[in-house]
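The values are calculated or read from the model by the stated rules, or taken from the named source; none is laboratory data. Every value quoted in this text rests on a predicted model; they were computed, and no experiment measured them. With ideal geometry, Cβ positions are generated from the backbone for all residues, glycine too; neighbour counts draw on all protein chains shown.
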Amino acid sequence: MNETQINTYDDRINDLKAFDEEKTGVKGLVDAGTTSIPSIFVRPLEDRSKDFSTCHENISVPIIDFAHFGENNEQDEKIIKEIILASKNWGFFQVINHEIPLELLEKMIEGTKRFHEQDDESKKKFYSREFQSKKVTYFSNHDLYNSNAANWRDSLYVNTLFHGGEVDPQELPPICK
């Protein structure tokens, strides 16, 4: 690295730290009246140019049907393989026929919206970069310090992976209950 690259790198790290230490995320930038996109959110030109060569023909989000999950091992294995493949190739997928009531899903979305709309001090209580150990975490960009550009998003993460698949409702932010 030459001196200019080192200074640019140092400036970026300082900007990332300043953003992270605010603990208000992207919503905090918007609420503060930011009128331009900070440089930490701008992808380098060499990254953006890769998008031009992406083929957009016949692309659709993987849809995984849970209608017959639990009926037999063969069907369950097929669905599990679909989940693994979609996760590897896409990083996300849509689940249908999961039997989660629409009313419950809508309440979850409303609770999440209420969380993000509340005052900064309430959200800061949950702000952390300790995704693995905490059950409920608020953060902006899980890979903030490792990616070439930050994503314009904030997340409320409820971690059930290391906690037996459950979270005590008392650990959720009060506004989400």
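The set of residues from the range 133-169 being in a loop (DSSP other than H, G, I, E, B), under 20 Å from residue 29 (Cβ atoms) and of a type outside the set (S, T, N, Q) comprises 142, 143, 144, 145, 149, 150, 152, 153, 154. Confirm whether residue 130 is at pLDDT 95 or above, surrounded by fewer than 13 Cβ atoms within 10 Å (Cβ to Cβ) and closer than 25 Å to residue 29 by Cα. Answer is no for this residue.
Remark: pairs (first residue in the range 115-133, assigned by TED's automatic domain parsing to the domain that holds residue 161; second residue of a type in the set (A, V, I, L, M, F, W, C) and part of a strand (DSSP E or B); Cβ separation under 8 Å; 6+ apart in sequence or on different chains) = 115/156; 116/156; 126/136; 126/156; 127/139; 128/139; 129/139; 131/139. Screening the range 92-150 for residues that are among the aliphatic types (A, V, I, L, M) and in contact with a strand residue (DSSP E or B) (Cβ under 8 Å, 6 or more places away or on another chain) and picking the one that is farthest from residue 14 (Cα to Cα) gives 96.
Look through the range 133-161, keep the residues that are aromatic (Phe, Trp, Tyr) and under 22 Å from residue 175 (Cβ atoms), and return whichever of them is modelled with the lowest pLDDT. Looking at residues that are aromatic (Phe, Trp, Tyr) and under 22 Å from residue 175 (Cβ atoms), I get 157.
Among the candidates 31, 65, 20, the residue that is touching a helix residue (DSSP H, G or I) at 6+ places or on another chain (Cβ under 9 Å) and within 30 Å of residue 118 (Cα to Cα) is uniquely 31.
Of all the residues that make up the range 78-130, how many are within 19 Å of the chain's Cα centre (by Cα), among the polar types (S, T, N, Q) and assigned to a helix (DSSP H, G or I)? Looking only at that region, the number is 3. In the range 41-55, how many are assigned to a loop (DSSP other than H, G, I, E, B) and either modelled with pLDDT of 90 or more or more than 24 Å from the chain's Cα centre (by Cα) (or both)? Adding up the residues that qualify gives 2.
Residue 59 falls short on exactly one of the conditions (1) modelled with pLDDT under 80; (2) assigned to a helix (DSSP H, G or I); (3) closer than 30 Å to residue 116 by Cβ; (4) not polar (S, T, N, Q), and that condition is (2).
Can you find a residue in the range 79-89 that is in contact (Cβ under 8 Å) with a residue 40 or more places away in the chain and of a type in the set (Asp, Glu)? No - not one qualifying residue is present in the range 79-89.
Given the structure, is residue 115 in contact with a Cys (Cβ under 7 Å, 6 or more places away or on another chain), surrounded by 13 or more Cβ atoms within 10 Å (Cβ to Cβ) and at pLDDT 90 or above? Yes, satisfied.
Regarding the range 144-165, can at least one residue be identified that is within 15 Å of the chain's Cα centre (by Cα), charged (D, E, K, R) and closer than 22 Å to residue 17 by Cα? Taking every residue of the range 144-165 in turn, at least one turns out to be within 15 Å of the chain's Cα centre (by Cα), charged (D, E, K, R) and closer than 22 Å to residue 17 by Cα.
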